[in-house]
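Enquirer: Quick one: structure below, then a few questions.
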Amino acid sequence: MFENVPDVLPKDERIRAPIRWGFVSEVSSTATWSGPGKGEQFWFLGTLATIKVPGEASQGRFALIEFLFPRHASPPLHTHPQDESYIVQEGRLTVQAGEERFDLVPGAAAVVPMGVAHTFRVDSDTARVLVLSTPAGLERLVRDGSVPALTPTLPPSTTPRPSPEQLEAVFRAHGQVNVGPPLPPGD
């Protein structure tokens, strides 16, 4: 079946694919991987964010971020220009997307299409969640709204955070629009 397919195509014969925002980019022929505990680590608004695959490694097609969230972590209800997929590794998460709510346990997943107002809440002591941003972009928001993590743990309470004005500017710069409050604990 694959007898006549060359192992490596010449550069001018490689597949070209459309990217969501309108330009054409060569599909990468280089594999990317990130080992356990590896990746760019940031303390982002009370969480540990580990960028496992940055958008730069996928020509902007996606980014994969592992988050460690504390109990009751919940961002404001918001929209942004990426699809966002959640895959729970540890802990429990309630995801609200539009009028729907999903209770996610380890091994469960949810996908929120771009432009749909959504939020989530951590319902366990902590939660470890893989978040896939399609196209990439969420990792840039994380970088711009955080400080480098000094240890691979949740940040200490003394960790500096952006002011509300600085945070709003970061959100705006990356297309995130906050449209409502976070989910309250135990709701």
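Please treat every number below as a calculation from the coordinates, not as lab data. Just so we're clear, the structure is a prediction, and the values are computed from it rather than from any experiment. In this analysis, Cβ positions are derived from the backbone assuming ideal geometry, glycine residues included, and neighbour counts consider all displayed protein chains.
Enquirer: Run the numbers on the stretch 39-118 and let me know its relative contact order in percent, using alpha-carbon pairs under 8 Å that are six or more apart.
Expert: Relative contact order here is 23 percent.
Enquirer: So what's Rg/Rh here for the stretch 66-187, counting alpha carbon atoms and using the Kirkwood radius for Rh?
Expert: Using Cα coordinates only, the ratio equals 0.93.
Enquirer: Something else now. Once Rh for the stretch 136-187 is found with the Kirkwood sum over Cα pairs, what is the Stokes-Einstein diffusion coefficient at 37 °C and 0.692 mPa s, in µm²/s?
Expert: In µm²/s, the coefficient is 253.
Enquirer: Here's something else I'd like to know. Around VAL116, what is the net charge, scoring Lys/Arg as +1 and Asp/Glu as -1 over all other residues with Cβ under 14 Å from its Cβ?
Expert: Here the count lands on -3.
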